[in-house]
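For reference, the structure is listed below as structure tokens.
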Amino acid sequence: MSKKVALVTGSNKGIGKEIVRTMASYGYTVYLGARNEQRGHAAAQELVSAGGDVRFVKIDLTDSETIHAAAEKVRDEVGKLDVLINNAGVALEAEPPSMANLAVLKATFQTNYFGMVEVTQAFLPLLRASTTRVILNVTSGLGVDHQTHRPIVGVWRLSLARLQLFESGGQYVHRAPGKGTPSRRL
């Protein structure tokens, strides 16, 4: 039986790094995805030193070349992906869209929505090569009103609500702290 393989975007620190650490402790080969090479390599080395099979991969959700290069690297090294965890995200401005700087609004959506879609699309062939096929989109409860389950308006919050609008092949899971939609087989 081959090892399970996972990619976690935005994982050189915080929640992403802890997800990588946990998955590695369960025996996964984990690709630690980060846009900053120095911090990404340092985080991966720390987790390798702790005994994990962790590999750094440069991936910047605002740069298509790094997204596709990351998919090629995973394909060339292991040939499949069992779990994709879209963790990367930014909070550039807290203004409501009516008051937001349009350039900041576009930059926020580029990372938090369009970048996540592009990563998912780039890795779908590798996910389809697996029998597991799990996509987990990490978001924040700040993006959704927990009583109405509707997005809260604000550039960052609106961009986090993006995940309710996007589905992809395989097992799709969306979870926000305290809430979540059921898993769906696509």
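The values are calculated or read from the model by the stated rules, or taken from the named source; none is laboratory data. Remember, it's a predicted structure, so these values are computed and weren't measured experimentally. No Cβ is skipped: glycine too gets one built from the backbone with ideal geometry, and neighbour counts run over all protein chains shown.
Within region 75-93, the set of residues being touching a Leu at 6+ places or on another chain (Cβ under 6 Å) and either surrounded by 23 or more Cβ atoms within 10 Å (Cβ to Cβ) or of a type in the set (G, A, S) (or both) comprises L81, L84, I85, A88.
Specify the residue that is modelled with the lowest pLDDT; the eligible residues are those in region 98-140 that are surrounded by 15 or more Cβ atoms within 10 Å (Cβ to Cβ) and farther than 19 Å from L61 by Cβ. Among residues in region 98-140 that are surrounded by 15 or more Cβ atoms within 10 Å (Cβ to Cβ) and farther than 19 Å from L61 by Cβ, the one modelled with the lowest pLDDT is A100.
Scan region 22-41 residue by residue and report those that are more than 23 Å from A91 (Cβ to Cβ) and over 12 Å from the mean Cα position of the chain (by Cα). Correct list: T22, M23, A24, S25, Y26, G27, Y28, T29, V30, H41.
Taking the criterion of being more than 21 Å from H41 (Cβ to Cβ), in contact (Cβ under 8 Å) with a residue 40 or more places away in the chain and acidic (D, E), would at least one residue in region 52-61 satisfy it? It would help to see each step written out before you state the result.
As a first pass, look at region 52-61 and keep what is more than 21 Å from H41 (Cβ to Cβ): none.
Checking region 52-61: not a single residue is more than 21 Å from H41 (Cβ to Cβ), in contact (Cβ under 8 Å) with a residue 40 or more places away in the chain and acidic (D, E).
Sort out which residues of region 1-50 are surrounded by 13 or more Cβ atoms within 10 Å (Cβ to Cβ) and aromatic (F, W, Y), and write them in order of number. Y28, Y31, listed by residue number.
Could you list all residues from region 63-84 that are part of a helix (DSSP H, G or I) and among the hydrophobic types (A, V, I, L, M, F, W, C)?
The initial filter retains those residues of region 63-84 that are part of a helix (DSSP H, G or I), namely 64-78.
Of everything in region 63-84, those that are part of a helix (DSSP H, G or I) and among the hydrophobic types (A, V, I, L, M, F, W, C) turn out to be I67, A69, A70, A71, V74, V78.
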